[in-house]
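FYI, it's all coordinate maths here, none of it is from the lab. Computed from a prediction, not measured in an experiment: that's the story for all the values here. Cβ placement follows ideal geometry from the backbone for every residue including glycine, while neighbour counts extend to all protein chains displayed.
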Amino acid sequence: MAYKRIPKDAVIQGMYIHELCGAWMDHPFWKPRFLLDNPRDLKRLRGSALKSVVIDTRKGLDLEDDDLELPPLPEPLPRAINGKPEAPKVIEFADEQDRAMRLCSFAKSVLQENFNLARAGQPLDKALLDELSTGICASLDRHPHALISLTRLRRADEYAQLHALGVSALMVLVAKRLGLPEALWERIALAGLLHDLGETLMPAKLLNSPGELSRIDSLMLQEHTARGAELLAQLGIDDPVLQDVCLHHHEQMDGGGYPEHLSGERISLLPRLCHVCDVYDALTCDRPYKNGCSPASALTQMAKFAGHFDEKMFNALVKAMGVYPTGSLVKLSSGRLAVVLEQHNDSLLTPKVKVFFSSTNRTAVPQEIIDLSRGNNPEKIISRETPEDWGFPHFDELWSGARKGRISLFG
């Protein structure tokens, strides 16, 4: 028999975990299936709240003592309402947050390792990158905004790795909004992870320069697109779609981009998609030389970049992020300020918010969570606000529960 349910204490290194039998909060793993080849992971599994796991003996070691095998878990009875299957329960931001934070930490490690391999001219770890792409798509399936919102909590010195993660997740989210086939999502995720691979060969002073670059330095930095496409092939990933994204993600619809000054339909689909996601992520996150702006401010700025973006892609990004993206500061009709916690796909103007400040008295008020989509709620959003204008310290902590600081949130 390929699948066996066994007690967690009977698990040994080298087994393939097919299923973790318990709630996701009962264990520290974000991956649903994996080869247990690390003694640290074995220790974490045995120290978790899980009682049992299912192993796949075709992909890893078998149980040494068959007497320890447990009976399979019973299949849950299907629930129905009026004879129709009940729709899956929607996962809220808080339910996905812990798992998404772990995925950010995993992504930082995987991308740092692969960027170091690229600098050394060694083959990339494609298996790990594929695993990360799968995890990104799975997180977005569970909640469309948790992972993307949490990547904004990166420190400036984590920009390269978590920018790649942010662009990857944004590309998949917008691809889903555009109706692109599900079979492409993981490939799109991988394209986002590797779109700036050529920057691993660029001098750090160019990437982190706080001022305007000289013409010579600008031209040198622009070479990262061509060098990234070449590097992919050299490092064992000979995929023309990924190379196209590396080479052309800075092209603009009006022909004002680089390296080939392509315009309109001459720019293929995924580079156009990557371009709009790349700019949005860059605007919303801290870099070594400047602080990021709010999601709403970024979309407002991008709307003024006439000719830069494929209009269909940009509109899909706006709809995917929502009129009031998670983490936006808004003023309500009562004069109170609130931060957006959660959006409703069927009601973009009435998100779930957390009230925390009175704009009239300019004082903090008791925090209160309000779902503006509830019909009996008199409150309405009357304006977007900019956190910087109000001088709120640690504003991100209001919606994420985590505070950016000197110590990384992602290990």
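If the cut-off is a Cα-Cα distance under 30 Å, which lysines reach Lys4, setting aside same-chain residues fewer than 8 apart in sequence?
Filter leaves Lys31, Lys43, Lys51, Lys59, Lys89, Lys126.
Fewest first, what order do Ile216, Ile17, Ile12, Ile237 take by the number of other Cβ atoms within 10 Å? Don't skip to the end; give the middle numbers.
Details: Ile216 8, Ile17 21, Ile12 14, Ile237 18.
Neighbour counts put them in this order, fewest first: Ile216, Ile12, Ile237, Ile17.
If amide hydrogens are placed 1.01 Å from N in the peptide plane, which non-local residues have theirs closer than 5 Å to the one on Phe357?
Leu337, Val365
Obtain the nm distance between the two label points defined at Ser408 and His394 by a simple spin-label model: each point lies 7 Å from its Cα along the Cα-to-C-beta direction.
Distance between label points: 2.2 nm.
Taking only the alpha carbons of region 93-321, what extent do you get along each of the three principal axes, in Å, biggest first?
Projected onto the principal axes, the Cα atoms of region 93-321 cover 49, 41, 34 Å.
Stretch Ala120-Arg44 to full length: gain in nm at 0.36 nm per residue minus the Cα-Cα span? Each step should come with its number before you reach the end.
On the way: separation 76, 0.36 × 76 = 27.36 nm, distance 3.22 nm.
Fully extending the segment from Ala120 to Arg44 adds 24.1 nm.
For the chain, with a Gaussian network of springs between Cα atoms less than 10 Å apart, report the residue from Thr350, Thr360, Thr326 with the top mean-square fluctuation.
Highest fluctuation among the options: Thr360.
Ranked highest first by average number of other Cβ atoms within 10 Å, how do 296-306, 313-323 line up?
On the way: 296-306: 15.2, 313-323: 20.5.
Packing proxy ranking, top to bottom: 313-323, 296-306.
To the nearest Å, what is the center-to-center distance of region 192-257 and region 290-339, using C-alpha atoms only?
26
Phe34's amide H: which non-local residues (gap 5+, or another chain) put their own amide H closer than 5 Å, with H modeled 1.01 Å from N in plane and none for Pro or chain starts?
Ile17
So which lysines pass the test for Lys205, namely a Cα distance under 19 Å, with those fewer than 8 places away in the same chain ruled out?
By straight Cα distance, Lys205 reaches Lys290.
Would you calculate the convex hull of the Cα atoms in region 243-398 and tell me its volume per residue in Å³? Mind showing how you got there, number by number?
Values: hull volume 20.1 nm³, N = 156.
Convex hull of Cα atoms, per residue: 129 Å³.
Dividing the convex hull volume of the alpha carbon atoms of region 329-400 by its residue count, what do you get in Å³ per residue? Before the final figure, lay out each step's value.
Values: hull volume 6.3 nm³, N = 72.
Taking only Cα atoms, region 329-400 has a hull volume of 87 Å³ per residue.
Taking every alpha carbon pair in region 3-76, what does the distance histogram look like in 10 angstrom bins from 0, in percent?
Histogram of Cα-Cα distances, whole percents per bin: 21, 60, 19, 0.
Reported to two decimal places, what Rg/Rh ratio describes the chain when computed on Cα atoms with Rh from the Kirkwood expression? Intermediate values should be presented prior to the final figure.
Working: Rg = 23.2 Å, Rh = 23.3 Å.
Reported Rg/Rh (Cα atoms, Kirkwood Rh): 0.99.
Which order, highest average first, do 208-214, 248-254, 48-54, 197-203 follow once you tally other Cβ atoms within 10 Å for each residue and take the mean per peptide? Intermediate results must be reported in sequence, preceding the final value.
Working: 208-214: 10.4, 248-254: 22.0, 48-54: 17.1, 197-203: 18.7.
My ranking of the peptides, most packed first, is 248-254, 197-203, 48-54, 208-214.
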